[in-house]
Amino acid sequence: MKITAAVTGVGSYVPDYVLTNAELEKMVDTTDEWITTRTGIKERRILKGENQGTSVMGIKAVQLLLDKTGTNATDIDLLICATTTPDMVFPATANIISAGVGAANAFSFDMQAACSGFLFALATGAQYIQSGMYRKVIVVGADKMSSIVDYTDRANCIIFGDGAGCVLLEPSTDGLGLLDQVLRTDGTGEQYLYQKAGGSRRPPSAETVANREHFLYQEGATVFKFAVTNMANVAAQVMERNHLTNDDVAFLVPHQANKRIIDATANRMGVGPEKVMLNIQRYGNTTNGTIPLCLADYEQQLRKGDNLILAAFGGGFTWGSIFLKWAYDPKPDPQTV
Ligand code: UT7
């Protein structure tokens, strides 16, 4: 019998501090009106405090996932963390998260694919389930974007925020879970969205710091054009080759980078706004966190058998789409019972 990788639970965590458009108006030359109409964002969360890395949020999200699903940490076989803002260059943030939740029997590694990282990690984790090798895989998407955002760069500082989400993958023999994927990269897009220094090509120096090269650099308008075309193309491709129409799709789960990119993707797929997961207004662009944060926010609205189309575009360039058949009905929300 064919084994597929089903999502059997979700967890999420966002920090308490809310950075509003009103506060950004005091930091850079911008307005709430510009940010809202150009991006759809009203506020984002920021992880404050000394020595607080991405793993802090990842651990809280995974702990919630373990609690919600009644899973023993020691039963986890593998934990993958998709992140662009690891705690350190090495070791992997995934290792720190595994240790933090007590997943002592798991092996762990990080995945770097910028904003598409969660999809790449989900597809990778699914392979270990589909092959029959492992039974419990956790995939985390987490970023502390505030650690690489230049808060003097008004075009980019307004879009990013911090947050973490995660899912548990387990085997299904009922045809639920990840059913198809299209994942792509194009390294010629490197110069439009990247961090100029801090890697092996341009190690940190007094000069790189003075030049503000340790911040995210983005030519937003160029990235925007590539994102609209490529994210919509792969999402439409996944729908077509699985013979899915608008009626068959319960939700589009798009990377939350800019509401205008999300709207364009939904239009191209012929999917109405009521079927588009959206929380960019509250969290901004949390890079690897966006898609699992959407799944967590909409978990109570999802039903077993729902067809979801996940789609993302990010630096690199990287992009992709995954067809996911949801595997469970809502369980009582622990916060409302
Ligand atoms: O998540 C990974 C992939 N990333 C993305 O998908 C992000 C894609 N890009 C975007 O979302 C948008 O390009 C941004 C939100 C980053 C920027 O919006 P834009 O509409 O592309 O702005 P722009 O950089 O082309 O600038 C247009 C104008 C400029 O003014 P002039 O030269 O036309 O007078 C900017 O100076 O808007 C100005 N501007 C602002 N004005 C007020 C740029 N940022 C701001 C701002 N407030 N925050």
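The values are calculated or read from the model by the stated rules, or taken from the named source; none is laboratory data. Source: prediction; values computed, not measured. Note that each Cβ is placed from the backbone with ideal geometry, even for glycine, and that neighbours are counted across all protein chains shown. Remember, those area values only see protein heavy atoms, side chains included, never the ligands or the DNA or RNA. Shrake-Rupley method; radii C 1.70, N 1.55, O 1.52, S 1.80 Å.
Residue check: PHE251 meets all listed conditions (1) over 26 Å from LEU47 (Cβ atoms); (2) within 16 Å of the ligand (Cβ to nearest atom) but one, namely (2). Taken together, the residues in the range 15-43 that are more than 13 Å from the ligand (Cβ to nearest atom) and open to solvent by less than 30 Å² (accessible area, probe 1.4 Å) amount to 2.
Please determine whether any residue of the range 274-282 is open to solvent by 10 Å² or more (accessible area, probe 1.4 Å) and in contact with a Ser or Thr (Cβ under 8 Å, 6 or more places away or on another chain). Please lay out each step first, then the result.
So the first thing to find is which residues in the range 274-282 are open to solvent by 10 Å² or more (accessible area, probe 1.4 Å), and the list is 274-276, 278, 281-282.
Filter once more, keeping what is in contact with a Ser or Thr (Cβ under 8 Å, 6 or more places away or on another chain): none.
The answer is no; no qualifying residue exists.
If only residues of the range 73-111 that are of a type in the set (S, T, N, Q) and in contact with a strand residue (DSSP E or B) (Cβ under 8 Å, 6 or more places away or on another chain) are counted, the one that is farthest from GLU170 (Cα to Cα) is THR85. Entry remark, the range 261-293: residues being more than 15 Å from GLY314 (Cα to Cα), of a type outside the set (A, V, I, L, M, F, W, C) and either touching a residue at least 40 places away in the same chain (Cβ under 8 Å) or in contact with a strand residue (DSSP E or B) (Cβ under 6 Å, 6 or more places away or on another chain) (or both) number 5 in total.
Tell me the residue from LYS331, LYS304, LYS325 that is surrounded by 18 or more Cβ atoms within 10 Å (Cβ to Cβ), more than 15 Å from the ligand (Cβ to nearest atom), in contact (Cβ under 8 Å) with a residue 24 or more places away in the chain and closer than 24 Å to LYS68 by Cα, please.
After ruling out the rest, the residue left standing is LYS325.
Against the definition (in a helix (DSSP H, G or I), among the small types (Gly, Ala, Ser) and in contact (Cβ under 8 Å) with a residue 40 or more places away in the chain), how does SER12 come out, yes or no? Against the criterion (in a helix (DSSP H, G or I), among the small types (Gly, Ala, Ser) and in contact (Cβ under 8 Å) with a residue 40 or more places away in the chain), SER12 does not qualify. Tell me yes or no: at least one residue of the range 223-243 is open to solvent by 20 Å² or more (accessible area, probe 1.4 Å), touching a helix residue (DSSP H, G or I) at 6+ places or on another chain (Cβ under 7 Å) and of a type in the set (D, E, K, R). Scanning the range 223-243, I find no residue that is open to solvent by 20 Å² or more (accessible area, probe 1.4 Å), touching a helix residue (DSSP H, G or I) at 6+ places or on another chain (Cβ under 7 Å) and of a type in the set (D, E, K, R), so the answer is no. Any residue in the range 51-67 that is touching a strand residue (DSSP E or B) at 6+ places or on another chain (Cβ under 7 Å) and surrounded by fewer than 18 Cβ atoms within 10 Å (Cβ to Cβ)? No, the range 51-67 contains no residue that is touching a strand residue (DSSP E or B) at 6+ places or on another chain (Cβ under 7 Å) and surrounded by fewer than 18 Cβ atoms within 10 Å (Cβ to Cβ). Put simply, of THR4, THR20, THR30, THR37 the only residue that is closer than 29 Å to LYS136 by Cβ and at pLDDT 95 or above is THR4. A single entry from PHE226, PHE313 fulfils the requirement of being under 18 Å from ILE159 (Cα atoms), part of a helix (DSSP H, G or I) and near the ligand (Cβ under 10 Å from one of its atoms): PHE226. Only a single criterion out of (1) open to solvent by less than 40 Å² (accessible area, probe 1.4 Å); (2) under 23 Å from the mean Cα position of the chain (by Cα); (3) assigned by TED's automatic domain parsing to the domain that holds ASN279 is not satisfied by THR208, namely (2).
So for the range 290-298 (the condition being open to solvent by less than 10 Å² (accessible area, probe 1.4 Å) and within 10 Å of the ligand (Cβ to nearest atom)), does at least one residue qualify? Yes, the range 290-298 contains at least one residue that is open to solvent by less than 10 Å² (accessible area, probe 1.4 Å) and within 10 Å of the ligand (Cβ to nearest atom). Please verify whether LYS259 is of a type in the set (Lys, Arg), surrounded by 19 or more Cβ atoms within 10 Å (Cβ to Cβ) and not assigned by TED's automatic domain parsing to the domain that holds ALA82, treating the condition exactly as stated. Here the answer is yes, as LYS259 does meet what is asked.
Being modelled with pLDDT of 95 or more, within 20 Å of ASN156 (Cα to Cα) and either within 16 Å of the ligand (Cβ to nearest atom) or in contact with an Asp or Glu (Cβ under 6 Å, 6 or more places away or on another chain) (or both), is that true of even one residue in the range 100-114? Among the residues of the range 100-114, at least one is modelled with pLDDT of 95 or more, within 20 Å of ASN156 (Cα to Cα) and either within 16 Å of the ligand (Cβ to nearest atom) or in contact with an Asp or Glu (Cβ under 6 Å, 6 or more places away or on another chain) (or both), which makes the answer yes.
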